[in-house]
Amino acid sequence: MKIGKKIGIALLVILIGMQFFRPEKNLADTDFVAAFEAETKPSPEIQKILETSCYDCHSANTRYPWYSNIAPISYWMNGHIEEGKEHLDFSDWPNLTAKKKDHKLEEFIEYVENGEMPLKEYTWTHEDARLSDEQKKALLDWAEEARLLYQVAQLPN
């Protein structure tokens, strides 16, 4: 048997085996962003933008498309979700200090302004996550206003 055929068979066996060992899914049992939304008070329009463009990778709950069940895509998606939550996890909002919340919103604004979020890889398969100029402006205005809460909280008494 030629080496190329052996490598092909080995890769096929590995690919089939990967289907039985999938990463754990990012699914919450509770209202995963209630504390964040209660504090920052996004309008219904902003809530919708956050749901379609942010929460899948930046919270404790992800809406998974059908192809997320196929390895190696499942591993790739899991890596994106874990990395996204390392940078900003809206579900972890109650555990952050006012200073940290202010900083997270500052970074959020920077990434949205620069067009770095949502990721291009995400918007390829989630067209509704693409932000129009009007949506960006509304999101940025809301985030700037929300930051004021945490900046005031940091002022000395």
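Does the range 22-62 hold any residues that are over 18 Å from Glu144 (Cβ atoms) and loosely packed, with under 14 Cβ neighbours inside 10 Å, and which are they? Talk me through it step by step, then tell me what you get.
Here is the first cut: in the range 22-62, the ones over 18 Å from Glu144 (Cβ atoms) are 22-35, 38, 44, 48, 51-52, 55-62.
Of everything in the range 22-62, those that are over 18 Å from Glu144 (Cβ atoms) and loosely packed, with under 14 Cβ neighbours inside 10 Å turn out to be Glu24, Leu27, Ala28, Asp29, Thr30, Asp31, Ala34, Ala38, Pro44, Lys48.
Screening Leu139 on (1) touching a residue at least 40 places away in the same chain (Cβ under 8 Å); (2) surrounded by fewer than 17 Cβ atoms within 10 Å (Cβ to Cβ) shows it passes everything except condition (2).
Filtering the range 18-57 to residues that are in contact with a His (Cβ under 9 Å, 6 or more places away or on another chain) and either among the aromatic types (Phe, Trp, Tyr) or in a loop (DSSP other than H, G, I, E, B) (or both) leaves Asp56, Cys57. Of all the listed residues (His103, His80), the sole one being surrounded by 12 or more Cβ atoms within 10 Å (Cβ to Cβ) and free of Cβ contacts under 8 Å to residues at least 12 places away in the same chain is His103.
The residues in the range 110-135 that are outside any loop (DSSP other than H, G, I, E, B) and surrounded by fewer than 16 Cβ atoms within 10 Å (Cβ to Cβ) can be counted, and the count is 12.
Of the residues Ala60, Ala71, Ala146, only one is touching a helix residue (DSSP H, G or I) at 6+ places or on another chain (Cβ under 8 Å) and part of a helix (DSSP H, G or I); which?
Ala146
Here is a check on your reading of the model: is Ala71 out of contact with any Lys or Arg (no Cβ under 6 Å at 6 or more places or on another chain), more than 30 Å from Leu11 (Cα to Cα) and of a type in the set (A, V, I, L, M, F, W, C)? Give the steps one after another, and end with the answer.
Working: out of contact with any Lys or Arg (no Cβ under 6 Å at 6 or more places or on another chain): yes; more than 30 Å from Leu11 (Cα to Cα): no; of a type in the set (A, V, I, L, M, F, W, C): yes.
Here the answer is no, as Ala71 does not meet what is asked.
Here, each number is a calculation from the coordinates, and none is a lab measurement. These figures come from a predicted structure and were not determined experimentally. For neighbour counting, all protein chains shown are included, and Cβ atoms are generated from backbone atoms with ideal geometry for every residue, glycine included.
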